Amino acid sequence: MEFQSCVKIINEWDIVAARQLGRNVAKELGFGTVDQARITTAISELARNIYLYAGQGNVYIDKVYDAGKSGLKIVATDEGPGIQDIRKVMEDGYTTSGGLGAGLPGVKRLMDDFDIDSTPGKGTEILATKWIR
Amino acid sequence: MEIRENMEERYREALSTYLKDQTEQALYSGQKISRKTIEDKISPEEIISLHKSILMEICPDTTDKVFHSLDFLLEVMMGYGIAYRELQSLRHQQQELKSEIEIAANVQHTLLDTDIPDVDGLEIGAISVPAKQMNGDYYHFVQDENECMGIGIADVIGKGIPAALCMSMIKYAMDSLPEHRHAPSSVLENLNRVVEHNVDPSMFITMFYGLYNPHNHVFSYASAGHEPGFYYEAATGEFKDMDAKGLLLGVEKKTKYKQYEKSVEPGDMIILLSDGVTECRTDEGFIERETLIEYIQKNIHLKAQEIVNNIYKQLEKLQHFQLRDDFTLILIKRNV
Amino acid sequence: MNITIDVQDINSRVEIQVKGEIDAYTAPKLRETLFPLSEQENISMVVDLSDVSYMDSTGLGVFVGLFKSVRSHNGEFRLVGLSERLRRLFDITGLAEIIDINSDAEGGLK
């Protein structure tokens with residue numbers, strides 16, 4: 001890892017700041033417009049989850065390099081209530097029903113790698129990476 | 001990648017043609033492209049991006065505002081792209097569920113299978129068709145050591161998978177009844193205890209149980225809230241309701257069932273049904289029991305199995321081939 | 001196909017007016033609305049079915065469930081305004097013997 005920057009999510013405007021940071025990094029790395037939009041949408045969703053359910057947290061944007069590929073990694077962490085049943089929130093159709101947005105399955109589909117770790121009462125950490133094709 | 005380059009080429013061509021002169025022909029090729037892109041699972045945001053890059057290429061003098069607006073559109077369409085991908089995955093899951101239910105329906109079919117017995121002097125026809133894949137109706141024939149034939153017909157209140165699961169339980173409760181206790185009232189009293197004990201409080205079963213004695217041709221029967229069947233008296237040519245009082249299975253633990261007896265004469269018929277038969281709806285409202293009797297009369301000269309098959313076909317047609325409830329019809333005829 | 005459920009709660013007496021069709025699609029709504037009410041002690045629940053145009057056996061299931069729940073909480077459960085067809089359904093199933101469906105005259109809803 002050579003580069004890392006962070007946006008603290010406290011209010012709704014911070015979601016925009018996180019998007020902006022993600023888009024800048026994605027552009028620098030040379031992602032095309034569609035992938036830029038996918039990355040920023042994923043960041044939006046993750047930041048919004050923090051804002052809505054945990055109150056506050058952090059979104060980190062990393063540039064990552066692996067075996068000649070370069071990519072962008074989002075790390076979203078919070079110390080909120082955590083997720084009781086991860087399998088349930090990863091189910092399609094669970095969050096979209098109430099207009100809650102793409103939800104975590106959406107984020108997973110927008111990105112290439114996805115990993116989630118959550119402890120009820122402690123908080124949640126989500127990692128999502130997109131590689132340049 | 002090859003598909004994509006090919007697509008780009010087609011898109012460029014169609015768009016250039018359309019921008020030159022706005023023909024229906026060009027729009028038609030646009031529609032054909034979308035058929036192909038859907039097939040190749042290309043999402044909406046990719047189409048917009050493709051559109052923008054081709055527009056930049058073929059009309060570089062377009063104002064920047066138009067290009068910026070396409071970037072904006074792309075962002076708006078992101079959500080639709082996600083929804084589209086979710087739909088694809090849900091469709092896949094639905095397929096899986098469908099085939100799982102199909103297997104379950106086959107299992108149920110094997111579980112609940114019953115053979116129509118050969119009883120001297122009787123001709124029997126039976127049909128049972130589920131409204132969805134799984135059947136909440138059930139009928140069952142047994143023959144005891146005295147050659148008496150028991151016939152049970154039951155309908156779970158409710159449809160689909162829960163009803164079907166419940167029915168499998170009834171089947172096993174019936175199988176485990178002691179051999180010598182096939183008197184209709186005691187069969188129902190036993191099953192009532194099982195259902196009351198084991199089934200969800202909002203789930204109930206209606207059931208009719210009858211026992212035919214081929215030696216003296218007496219049909220004894222009892223009903224637990226089941227839709228009354230018909231009795232056809234050959235001597236008078238009249239159809240009568242086989243009224244029998246009794247509470248649904250599973251409501252009260254200590255329900256007693258009254259047993260009725262009927263002496264069956266040559267040519268007489270016993271017709272048993274589930275409420276899917278009389279509850280079936282047509283354009284003119286419900287099928288009246290009288291209509292059903294008319295259908296039976298029309299087919300009365302046929303074999304028992306042909307009669308029930310024909311009636312099912314007619315009712316199915318009346319409902320435009322969409323059953324609202326499971327359908328079961330049984331006809332027992334004493335040969336002349 | 002839709003259903004409207006109008007609940008009037010006047011001291012432990014609940015009057016419910018159901019309008020529309022009761023079938024597999026609307027029955028869950030009926031159950032969810034009425035079940036919590038049936039769990040109050042000593043409640044007197046009257047359900048008016050005069051504006052119910054269709055009810056299948058799923059609806060019957062809901063009312064039996066309600067009846068049992070009310071009874072186990074020492075309450076009283078009555079159905080009023082049954083059409084000929086509905087009355088027949090309760091007769092056939094033997095439910096007319098245990099559920100009060102005949103008290104329209106005294107104290108039913110108008």
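The values are calculated or read from the model by the stated rules, or taken from the named source; none is laboratory data. Computed from a predicted structure; not experimentally measured. Every residue, glycine among them, receives a Cβ derived from its backbone with ideal geometry; neighbour counts consider all protein chains shown.
Quick look at the numbers
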{"read-out": "Residue B:203 being in contact with a helix residue (DSSP H, G or I) (Cβ under 9 Å, 6 or more places away or on another chain) and in a loop (DSSP other than H, G, I, E, B)", "value": "yes"}
{"read-out": "First in the range B:110-131 and at positive phi, second anywhere and assigned to a loop (DSSP other than H, G, I, E, B) and of a type in the set (S, T, N, Q), Cβ under 6 Å, 6 or more apart", "value": "B:121/B:335"}
{"read-out": "The range B:101-141: number of residues that are more than 21 Å from residue B:184 (Cα to Cα), among the hydrophobic types (A, V, I, L, M, F, W, C) and part of a loop (DSSP other than H, G, I, E, B)", "value": "2"}
{"read-out": "Test: residue in the range B:10-25 that is within 14 Å of chain A (Cβ to nearest Cβ) and of a type in the set (Lys, Arg)", "value": "no"}
{"read-out": "Residue C:58 being among the β-branched types (Val, Ile, Thr), away from chain B (no Cβ under 14 Å) and assigned to a helix (DSSP H, G or I)", "value": "no"}
{"read-out": "Selection within the range B:142-164 - more than 10 Å from every other protein chain (Cβ to nearest Cβ), touching a helix residue (DSSP H, G or I) at 6+ places or on another chain (Cβ under 9 Å) and assigned to a strand (DSSP E or B)", "value": "B:142, B:150, B:152, B:154"}
{"read-out": "Strands (runs of 3 or more DSSP E) (entirely within the range B:209-248) containing at least 3 residues that are away from chain C (no Cβ under 14 Å) and in contact with a Gly (Cβ under 8 Å, 6 or more places away or on another chain)", "value": "B:218-224"}
{"read-out": "Residue satisfying all of: in the range B:186-208; within 14 Å of chain C (Cβ to nearest Cβ) and modelled with pLDDT of 90 or more; farthest from the chain's Cα centre (by Cα) among these", "value": "B:189"}
{"read-out": "Residue match in the range B:79-93 (condition: away from chain A (no Cβ under 14 Å), more than 23 Å from residue B:208 (Cα to Cα) and either of a type in the set (A, V, I, L, M, F, W, C) or surrounded by fewer than 18 Cβ atoms within 10 Å (Cβ to Cβ) (or both))", "value": "no"}
